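Asker: Questions regarding the structure given below will be posed in turn.
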Amino acid sequence: MLRSLVKRAAPKAVVPEPEVLQVPPPLTLVDVEDPAIESRNLSVWYARKHAIREVNLKIQRKGITAIIGPSGCGKSTYLRAINRMNDTIRNCRTTGQLLVESEDVYGPNVDPVLLRRKVGLIFQKPNPFPKTVYRNVAFGIQLHYRATKEELDRVVEAALRQANLWDEVKDRLDDSALGLSGGQQQRLCIARALAIHPEMLLMDEPCSALDPVATAKIEDLMFELKKVMTIVIVTHNMQQAARIADHTAFLYLGKLVEYNVTRELFERPTQELTENYITGRFG
């Protein structure tokens, strides 16, 4: 009798495990003889999570290198490792070597603050300070150097011109930067980074929150900047990578799958996993 009163539990639905594609050995099809940035067996952990797995990669000097791959593959982790922004994350651990201008940035005598002055980072979402347009650009100069008002004026104008923003804000220098459009704010953040004369610029999805017109202005800016500095960009946008990058690296599950001249990688990928990703079969 008791048995008949007991409600039987419905059998649990069987949820198939998501398919995890096998990662082939990395294939590097381009030789960069004098890299600005080089990682050697670079690995990064967040506590027990192995985010980057022994990545060996040479990044071209004075050019644009794109890093592509699905969400969670380690793209942003790799980017932040270059200027040691991962140091700010609790329980993050890095092994291997990461060379910037042939110097291991994880060496005992490297000052992360000086490194970040040399290697600027532009985030996915524009992050202007709640200050005037002028003070945003002048901030880094005032932090690192002693400069007169005349020197500051020259640096601020030069950085805004370099970021293709001067003509749009020259009459708004004393206005809050928060009143600028999203695209203008992102270019202001680039100007802020350029004001301290970095040698390299890291860009983490810099156009993901921008409309096509603002995106085109950022891409035009990158084309100009690559003449004088090394740029590394993380992007989910395959079309953007194909448009702007000289070389492209494809990461999957924290591993480097393929690295080649961008046109070759997109038109003639040699790894099946690369082809499946760029043709939209997963990701």
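The values are calculated or read from the model by the stated rules, or taken from the named source; none is laboratory data. All figures in this text were calculated on a predicted structure; none of them were measured in a lab. Cβ placement follows ideal geometry from the backbone for every residue including glycine, while neighbour counts extend to all protein chains displayed. Accessible surface areas use protein heavy atoms only, side chains included; no ligands, DNA or RNA. Shrake-Rupley method; radii C 1.70, N 1.55, O 1.52, S 1.80 Å.
Asker: Give, rounded to the nearest 20 debye, the magnitude of the charge dipole that the range 236-276 has about its Cα centre when Lys and Arg contribute +1 at Cβ and Asp and Glu contribute -1 at Cβ.
Answerer: The dipole magnitude comes to about 120 debye.
Asker: Name the residues whose placed amide hydrogens come within less than 5 Å of the amide hydrogen of L27, ignoring near sequence neighbours (fewer than 5 apart) on the same chain.
Answerer: E258, Y259
Asker: Where does the range 167-241 land on the Kirkwood hydrodynamic radius, alpha-carbon pairs, in angstrom?
Answerer: Averaging 1/r across every pair of different Cα atoms and inverting gives 13.3 Å.
Asker: What's the magnitude of the charge dipole for the chain around its Cα centre, counting Lys and Arg as +1 and Asp and Glu as -1 at the beta-carbon? Answer in Debye, nearest 20.
Answerer: 1400
Asker: Same structure again: What lysines does K49 reach when the alpha-carbon gap must be under 24 Å and sequence neighbours fewer than 8 apart in one chain are set aside?
Answerer: Within the straight-line cut-off, K49 pairs with K75, K255.
Asker: What ratio of Cα Rg to 2.2 N^0.38 Å holds for the range 104-254?
Answerer: Dividing the Cα radius of gyration by 2.2 N^0.38 Å gives 1.06.
Asker: Related question: Mind checking the log10 I(q)/I(0) for the range 142-185 at q = 0.29 Å⁻¹? Debye, one equal scatterer per Cα, no solvent, two decimals.
Answerer: -1.11
Asker: Based on the Kirkwood radius over alpha-carbon pairs, what value in µm²/s does the Stokes-Einstein equation return for the translational diffusion coefficient of the range 107-158 at 37 °C and 0.692 mPa s?
Answerer: Reported coefficient: 256 µm²/s.
Asker: Using amide H atoms built in the peptide plane, which far-off residues or other-chain residues are under 5 Å from A51 H to H?
Answerer: Correct list: V44, W45, Y46.
Asker: Quick check for you: with a 1.4 Å probe and neighbouring chains kept, what is the accessible area per residue of the chain, in Å²?
Answerer: The answer is 54 Å² per residue.
Asker: Compute for the range 64-103: radius of gyration divided by Kirkwood radius, i.e. Rg/Rh, restricted to C-alpha atoms, rounded to two decimals.
Answerer: 0.98
Asker: Counting C-alpha atoms alone, how compact is the range 69-177: give Rg to one decimal and Dmax as a whole number, in angstrom.
Answerer: Considering the range 69-177 through its Cα atoms, Rg and Dmax are 17.2, 49 Å.
Asker: Here's another thing I want to ask about it. Can you tell me the Rg and Dmax of the range 206-283, counting just the alpha carbons, in angstroms?
Answerer: Looking at the range 206-283, its Cα Rg and Dmax stand at 13.2, 37 Å.
Asker: Let me ask something else. Working from the alpha-carbon coordinates of the chain, get Rg over Rh, Rh being the Kirkwood radius.
Answerer: Rg divided by Rh gives 1.08.
Asker: Based on the Kirkwood radius over alpha-carbon pairs, what is the Stokes-Einstein translational diffusion coefficient of the range 22-106 at 37 °C with 0.692 mPa s viscosity, in µm²/s?
Answerer: 243
Asker: Which angle between 0 and 90 degrees, to the nearest 10, do you get for helix 133-144 versus the longest principal axis of the chain when only C-alpha atoms count?
Answerer: So the inclination is approximately 90 degrees.
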